[in-house]
Amino acid sequence: QVQLVESGGGLVQGGGSLRLSCAASGSIFSISTMGWYRQAPGKQRELVATITTGGRTNYADSVKGRFIISRDNAKNTVYLEMNSLKPEDTATYYCNARASGNPFWGQGTEVTVSS
């Protein structure tokens with residue numbers, strides 16, 4: 001089992017920045033890819049960004065050039081730096097980790113971007 005705890009969400013004005021963190025615990029030795037997903041009210045959960053243990057990243061087109069995902073394997077933590085935030089980035093952001101082929105999710109952290 002893997003436990004994930006997110007932090008760093010909040011309210012920010014459009015154009016501003018936020019940094020999300022996700023700390024993993026439990027069977028961390030089995031974790032491979034980690035990532036961030038988001039779900040806006042009334043919409044399906046969507047991928048934001050992922051990062052492998054080797055540091056290879058993948059981004060949704062909507063956040064490319066604005067968001068940066070990074071990972072500190074020593075601290076078992078993944079980060080999402082969000083810049084130039086837009087109102088359409090408003091959502092609950094969920095941390096995800098894949099371990100032994102199974103997906104694990106955090107409880108989510110809310111991000112609200114005002115116009």
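The values are calculated or read from the model by the stated rules, or taken from the named source; none is laboratory data. Keep in mind that this is a model prediction, so the values were computed, not measured. Side chains are part of the model used for accessible areas, which takes the heavy atoms of the whole protein and leaves out ligands, DNA and RNA. Shrake-Rupley method; radii C 1.70, N 1.55, O 1.52, S 1.80 Å.
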Tell me the accessible surface of residue 79 in square angstrom (1.4 angstrom probe, heavy atoms of protein chains only), to the nearest ten.
40
Region 24-75: C-alpha gyration tensor shape, a/c 1.5 cut-off, then a/b vs b/c
oblate
In whole percent, and with a 1.4 Å probe on the protein chains, what portion of the accessible area of region 27-82 is carbon and sulfur?
47
Mind checking which aspartates and glutamates have their Cα closer than 12 Å to the Cα of residue 64? Skip sequence neighbours fewer than 8 apart in that chain.
81
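Would you mind working out the accessible area per residue for region 3-91, using a 1.4 Å probe, and quoting it in Å²?
Heavy-atom accessible area per residue stands at 53 Å².
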